[in-house]
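Undergrad: Pasting a structure below so you can have a look.
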Amino acid sequence: MANATLTISSKNYSSWSLRGWLLTKFSGLPFEEVLMPADDPGARAELLLLSPSILVPCLFHDGIKVWDTLAIAEYLNEVCPDAGLLPKERAERAHCRAICGEMHSGFAALRSALPMNLKAHFPGFKVWARAQTDIERIVTIWHQCLAQYGGPYLFGERTCADAMFAPVVTRFVTYDVKLDADIVAYGERILAMPEMRRWIADAQQEAEEIDELDVEF
């Protein structure tokens, strides 16, 4: 039996839950999922961007409670140092932490204009100008990392950076964002990971829907 639990909310809508779940999967730490229903006031506020994500994801391990996705990433890197959540070289670790931090605290326009919704698809979606600026910055980050570290993931092997940006990959698909071939290939690589396939399959089975996140803008 796993000695760790990870509390998450909707697999269809919660980008932060996906990040925390992928980080824990990448670490190799056995854990059990605790699903917070989408109608829970705290979970709903998080999904609708009405409050900071303070309840989910939340990792409980060996009597230690860790919330906030970056804190979970750093904790798992300490507990499972051989998992490679952060690169081995100091300069690469610094770079990885920097772009993870940028994802964690930035791209507000993208979050609000293109909320994660794995069951939806909006062909020809009109992206707002501010959100387009966020998209261009993310694409620049991915191009730089793939060129500098040689792929197939952002820092060669899978790291916390790929977990942090995985929900963005799903947003690009949901909202039919036009991207160049290298970025499309990276996105397909992320979506092909067994962990992502499992998460998306579970999301497709979710019965709960949030009307505010299912509207075609």
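Undergrad: Consider A98 carefully, then state whether it is loosely packed, with under 15 Cβ neighbours inside 10 Å and either at pLDDT 95 or above or of a type in the set (A, V, I, L, M, F, W, C) (or both).
TA: When the stated conditions are applied, A98 passes them.
Undergrad: Follow-up. What about W16, is it more than 21 Å from R198 (Cα to Cα) and modelled with pLDDT under 95? If you could, list the steps in order and put the result at the bottom.
TA: Working: more than 21 Å from R198 (Cα to Cα): no; modelled with pLDDT under 95: yes.
Here the answer is no, as W16 does not meet what is asked.
Undergrad: Among the residues of the range 56-66, what is the count of those that are buried (at least 17 other Cβ atoms within 10 Å of the Cβ) and either free of Cβ contacts under 8 Å to residues at least 24 places away in the same chain or in the same structural domain as R97 (by TED's automatic domain parsing) (or both)?
TA: Of the residues in the range 56-66, 1 are buried (at least 17 other Cβ atoms within 10 Å of the Cβ) and either free of Cβ contacts under 8 Å to residues at least 24 places away in the same chain or in the same structural domain as R97 (by TED's automatic domain parsing) (or both).
Undergrad: Hey, can you tell me all the residues within the range 112-135 that are assigned to a helix (DSSP H, G or I), free of Cβ contacts under 8 Å to residues at least 24 places away in the same chain and not small (G, A, S)?
TA: R130, Q132
Yes or no, residue by residue, for (1) without any contact (Cβ under 8 Å) to a residue 24 or more places away in the chain; (2) surrounded by fewer than 20 Cβ atoms within 10 Å (Cβ to Cβ):
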site	(1), (2)
R137	no, yes
A147	yes, yes
G150	yes, yes
E157	no, yes
A161	no, no
A166	no, no
V184	yes, yes
E195	no, yes
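Undergrad: Still on this structure, please answer the following. From (1) closer than 23 Å to S9 by Cβ; (2) under 17 Å from the mean Cα position of the chain (by Cα); (3) of a type in the set (D, E, K, R), pick out the condition that doesn't hold for K65.
TA: Going through the list (1) closer than 23 Å to S9 by Cβ; (2) under 17 Å from the mean Cα position of the chain (by Cα); (3) of a type in the set (D, E, K, R), K65 breaks only (2).
Undergrad: Applying the selection to the range 26-36, what residues are of a type outside the set (V, I, T) and surrounded by fewer than 21 Cβ atoms within 10 Å (Cβ to Cβ)?
TA: Across the range 26-36, the qualifying residues are G28, L29, P30, F31, E32, E33, L35, M36.
Undergrad: May I ask you to list pairs of residues, at least six apart or on different chains, whose Cβ atoms are under 9 Å apart, with the first in the range 84-111 being over 19 Å from T140 (Cβ atoms) and the second being basic (K, R) and at pLDDT 95 or above?
TA: If the second residue must be basic (K, R) and at pLDDT 95 or above, the pairs left are G84/R158; L85/R158; L86/R93; L86/R97; P87/R93.
The values are calculated or read from the model by the stated rules, or taken from the named source; none is laboratory data. All values reported here derive from a predicted model rather than from experimental measurement. Cβ sites come from the backbone with ideal geometry, for glycine too, and all protein chains shown count toward neighbours.
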